[in-house]
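Asker: Before I ask anything, here is the structure I am working with.
The values are calculated or read from the model by the stated rules, or taken from the named source; none is laboratory data. These numbers come from a predicted model, not from an experiment. Backbone-built Cβ (ideal geometry, glycine too); neighbour counts: all protein chains shown. Side chains included, ligands, DNA and RNA excluded: accessible areas come from the protein's heavy atoms. Shrake-Rupley method; radii C 1.70, N 1.55, O 1.52, S 1.80 Å.
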Amino acid sequence: MNVILLGAPGAGKGTQAEIISQKLGIPTISTGNILREAVKNGTETGLKAKAFMDAGALVPDEVIVGIVKERVARDDCKNGFILDGMPRTIPQAQALVDQNVPIDKVISIEIADQVIEERMTGRRACAACGATYHITANPPKAEGVCDACGGELTIRKDDAPETVRNRLKVFHEETEPLKAFYEAMGIVTTVEGNQPIENATKDILAALEN
Ligand code: ADP
Ligand code: AMP
């Protein structure tokens, strides 16, 4: 089962991807996490990506397509994978088609922009493993410490309100048209993003079982 989680920044893709990945026993491929790791390690990809990410802009398609091509070819993806945050443009979606990467289901997690802006101010991310928390909606057991790996929880630089507004603009212009791209293939289910985390998970699992 190859799944795409589509949605605005802050819609809950990463949160749901982690839960669904454990339940289905298939890996999550988060291009955001891969890029943040590359920036942290100062790799060539990280150096290319950093300025785009800090500005809330998209990293060039060829960088993303190269990362995902290599990642889906690994052994752990042979029973399926969850793409979180990719594709974000029509050329990225077309590259998956051209590379014969089949997609079975697309879950579009939908939520109003105002709710997203509120959510982002409370987001905390593990600097070590990328796990995501929220100070009130999904707090860690111990403040500032990742439940999963004990890493330090940090505020993402691109979660600053003005950067979030830019990311939402980019989402509406570049990423939202992907819903129609996949609707033409008949594989999209829409899920309400503005509901408790466990309810959204139930809706996603129901969509994946159909
Ligand atoms: P995305 O990966 O789509 O950018 P995240 O999964 O990181 O979004 O979620 C953004 C923020 O909102 C995080 O702080 C997360 O803990 C919180 N969050 C995710 N889903 C919900 C929800 N259903 N209700 C409230 N807060 C949520
Ligand atoms: P995310 O963690 O998904 O919110 O992504 C954080 C940032 O990484 C984005 O704002 C982009 O700058 C970059 N990024 C992640 N995935 C992609 C993608 N598929 N295409 C272009 N840029 C991406």
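Asker: Going through 148, 125 one at a time, which residue ends up being within 19 Å of residue 14 (Cβ to Cβ) and open to solvent by less than 40 Å² (accessible area, probe 1.4 Å)?
Answerer: 125
Asker: Now for a separate question. Across the range 73-89, what is the total count of residues that are within 23 Å of residue 11 (Cβ to Cβ), open to solvent by less than 30 Å² (accessible area, probe 1.4 Å) and not acidic (Asp, Glu)?
Answerer: Residues flagged as within 23 Å of residue 11 (Cβ to Cβ), open to solvent by less than 30 Å² (accessible area, probe 1.4 Å) and not acidic (Asp, Glu) within the range 73-89 amount to 8.
Asker: Looking only at helices (runs of 4 or more DSSP H) that fall completely inside the range 52-161, which ones have 2 or more residues that are within 16 Å of ligand 1 (Cβ to nearest atom)?
Answerer: Here the list reads 113-121.
Asker: Residues of the range 13-31 being in a helix (DSSP H, G or I) and free of Cβ contacts under 8 Å to residues at least 60 places away in the same chain, which ones?
Answerer: Within the range 13-31, 22, 31 meet the criteria.
Asker: Let me spell it out: the conditions are (1) outside any strand (DSSP E or B); (2) within 24 Å of residue 183 (Cβ to Cβ); (3) touching a Gly at 6+ places or on another chain (Cβ under 9 Å), and residue 37 meets all of them except one. Which number is the exception?
Answerer: (2)
Asker: For the range 168-177, check the following and say yes or no: at least one residue is at pLDDT 95 or above, open to solvent by 60 Å² or more (accessible area, probe 1.4 Å), basic (Lys, Arg) and in a helix (DSSP H, G or I).
Answerer: Yes, because at least one residue in the range 168-177 is at pLDDT 95 or above, open to solvent by 60 Å² or more (accessible area, probe 1.4 Å), basic (Lys, Arg) and in a helix (DSSP H, G or I).
Asker: Look at residue 127 and say whether it is under 19 Å from residue 18 (Cβ atoms) and either in contact (Cβ under 8 Å) with a residue 60 or more places away in the chain or of a type in the set (Gly, Ala, Ser) (or both).
Answerer: Taking the combined requirement at face value, the residue satisfies it.
Asker: Would you mind stating whether residue 136 is under 19 Å from residue 30 (Cβ atoms), surrounded by fewer than 19 Cβ atoms within 10 Å (Cβ to Cβ) and either away from ligand 2 (no atom under 12 Å from the Cβ) or not small (Gly, Ala, Ser) (or both)?
Answerer: Judged against the criteria, residue 136 is not a match.
Asker: I want to confirm something. Restricting to the range 90-121 and keeping residues that are touching a Lys or Arg at 6+ places or on another chain (Cβ under 7 Å) and touching a residue at least 60 places away in the same chain (Cβ under 8 Å), which single residue is surrounded by the most Cβ atoms within 10 Å (Cβ to Cβ)?
Answerer: The extreme case among them is 109.
Asker: Which numbered condition in (1) within 25 Å of residue 90 (Cβ to Cβ); (2) touching a helix residue (DSSP H, G or I) at 6+ places or on another chain (Cβ under 9 Å); (3) within 13 Å of ligand 2 (Cβ to nearest atom); (4) open to solvent by 20 Å² or more (accessible area, probe 1.4 Å) is the only one that residue 15 fails?
Answerer: In the conditions (1) within 25 Å of residue 90 (Cβ to Cβ); (2) touching a helix residue (DSSP H, G or I) at 6+ places or on another chain (Cβ under 9 Å); (3) within 13 Å of ligand 2 (Cβ to nearest atom); (4) open to solvent by 20 Å² or more (accessible area, probe 1.4 Å), residue 15 misses (1) alone.
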